[in-house]
């Protein structure tokens, strides 16, 4: 039973965020090379464990505040079903094992993993209380995932690099999802600032502007990436431009969910259950694979 509660506290549903690590092997056109794919899968597992341990730390520090939250009060630690001591007894060795696994994948990947841990500790203890910076810190986690997906391949593909435009797109797409979540919390949680201190400094009007800015920049940066001379030279085609409609639909559909259905408080849940977005992401992936491997 304790094992199950530990697993629930690690929030496996959130591990889908770590799929960003596979961007490196997809856009390097080595997806179907077994050795490199195994390295990427190992890196994915490492980040799942690290992020799971970060969630446990966050739940421990937030357990009293979460006890009054309509959804978070059901988490094992905030519900009193798992003691902070028992949680840490498991989380600390797990984190050490994950970092050891990261070290086996190379110094670069270990460095990314260590920075990821540091940012999550800083977020759980300080940054989540600072308006704007709380969402930026979360967004940097996505950047590190994308960077880690490249770093894990470096020992075998030393010339591999990730496009700055893809990094910019990743940053602003994660900002978009983060600000949508803050908007939902600010608008629908009773006494929202008691559940998340930074919410007292947000207003729905401000968040609407930040959501629009982030969505626009994510879409523009991805569009630039598809036709950027370096991208065209690397892949020998400008046909990635035909994947832009999938990105347009995905962002606009998410905006519809946030503004017309008053959702957005659980981005991972939406991405896992909203059929139209699941189909859209799948079609984007198939189109990307077809374009990159056809040339």
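Looking across 271, 240, 206, one residue alone is in contact (Cβ under 8 Å) with a residue 40 or more places away in the chain and either surrounded by fewer than 19 Cβ atoms within 10 Å (Cβ to Cβ) or in contact with a strand residue (DSSP E or B) (Cβ under 6 Å, 6 or more places away or on another chain) (or both). It is 271. With respect to the stated conditions, residue 99 is out of contact with any strand residue (DSSP E or B) (no Cβ under 8 Å at 6 or more places or on another chain), part of a helix (DSSP H, G or I) and under 19 Å from residue 145 (Cα atoms).
Taking region 113-229 as the region of interest, the helices (runs of 4 or more DSSP H) fully inside it that hold 3 or more residues being outside the structural domain of residue 102 (by TED's automatic domain parsing) are 164-188, 192-195, 204-227. Being in contact with a helix residue (DSSP H, G or I) (Cβ under 9 Å, 6 or more places away or on another chain), exposed (fewer than 14 other Cβ atoms within 10 Å of the Cβ), closer than 27 Å to residue 24 by Cβ and free of Cβ contacts under 8 Å to residues at least 24 places away in the same chain is the requirement here; does residue 118 meet it? No, not satisfied.
One line per residue, one yes/no per condition, for (1) more than 19 Å from residue 269 (Cα to Cα); (2) within 23 Å of the chain's Cα centre (by Cα); (3) in the same structural domain as residue 264 (by TED's automatic domain parsing); (4) crowded, with 20+ Cβ neighbours inside 10 Å:
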| residue | (1), (2), (3), (4) |
| --- | --- |
| 50 | yes, yes, no, yes |
| 61 | yes, yes, no, no |
| 79 | yes, no, no, no |
| 93 | yes, no, no, no |
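Return yes or no: is residue 40 closer than 16 Å to residue 149 by Cα and part of a helix (DSSP H, G or I)? So residue 40 fits the description; yes. All conditions but one from (1) exposed (fewer than 15 other Cβ atoms within 10 Å of the Cβ); (2) in contact with a helix residue (DSSP H, G or I) (Cβ under 8 Å, 6 or more places away or on another chain); (3) not in a helix (DSSP H, G or I) apply to residue 73; the one that does not is (3).
The values are calculated or read from the model by the stated rules, or taken from the named source; none is laboratory data. Nothing here was measured: the structure is a model prediction, and the numbers come from that model. Using ideal geometry, Cβ is built from the backbone for each residue, glycine included, and neighbour counts are taken over all protein chains shown.
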